[in-house]
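Have a look at the structure below, then the notes.
The values are calculated or read from the model by the stated rules, or taken from the named source; none is laboratory data. The structure presented is a predicted model; accordingly, all values stated were derived computationally and were not measured. Don't worry about glycine lacking a Cβ; one is built from the backbone with ideal geometry, like all the others, and counts go over all protein chains shown.
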Amino acid sequence: MKKRQLTGRGLLVAGVLSLGLAMPAFAETVEVKMFDTPAKYVPDPVKIKVGDTVTWVDKGDTVHTATTDPTTAPDPSWAVVPKGAETWDSGYLNSGDTWSYTFKVPGTYKYFCTTHVKEGMKGEINVAQ
Ligand SMILES: [Cu+2]
């Protein structure tokens, strides 16, 4: 009898633990590579959900950024975030550097690379609710 009670409690603990471990699995991380020639983001556009993270990786030999700061954009349509969302800027990423951003507000984000404005290096993230 005593043995059965212990087994039951053990199963309950195991169940609670597996539930807790499973929860972060719903949020995903998508990697976006930054290339030099041509200067571009791959993949683009990216479709994710609220709570997901995008990690940009500089796969080139030059400096890249991912920014939604409209004050540094050549055209305001290059840097757009949904209502209620803050703008973000990776800053300068050197070859091999990474930068991540977790999206909490749904909508369409348009971003660009401040060092490849002339090449028109732009990207889009679509965040579903
Ligand atoms: Cu760039």
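So here's what we get for this one:
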{"item": "Output for the range 63-72, where each listed residue is within 19 Å of ILE48 (Cα to Cα), in a loop (DSSP other than H, G, I, E, B) and not aliphatic (A, V, I, L, M)", "result": "THR68"}
{"item": "Residue within the range 96-109 that is over 20 Å from GLY51 (Cβ atoms), at pLDDT 95 or above and touching a helix residue (DSSP H, G or I) at 6+ places or on another chain (Cβ under 8 Å) present", "result": "no"}
{"item": "Residues located in the range 59-72, provided they are within 16 Å of the ligand (Cβ to nearest atom) and either in contact (Cβ under 8 Å) with a residue 60 or more places away in the chain or over 14 Å from the mean Cα position of the chain (by Cα) (or both)", "result": "LYS59, GLY60, ASP61, THR62, VAL63, HIS64, ASP69, THR72"}
{"item": "SER77 touching a Phe, Trp or Tyr at 6+ places or on another chain (Cβ under 8 Å) and not charged (D, E, K, R)", "result": "no"}
{"item": "ALA25 among the small types (Gly, Ala, Ser) and at pLDDT 95 or above", "result": "no"}
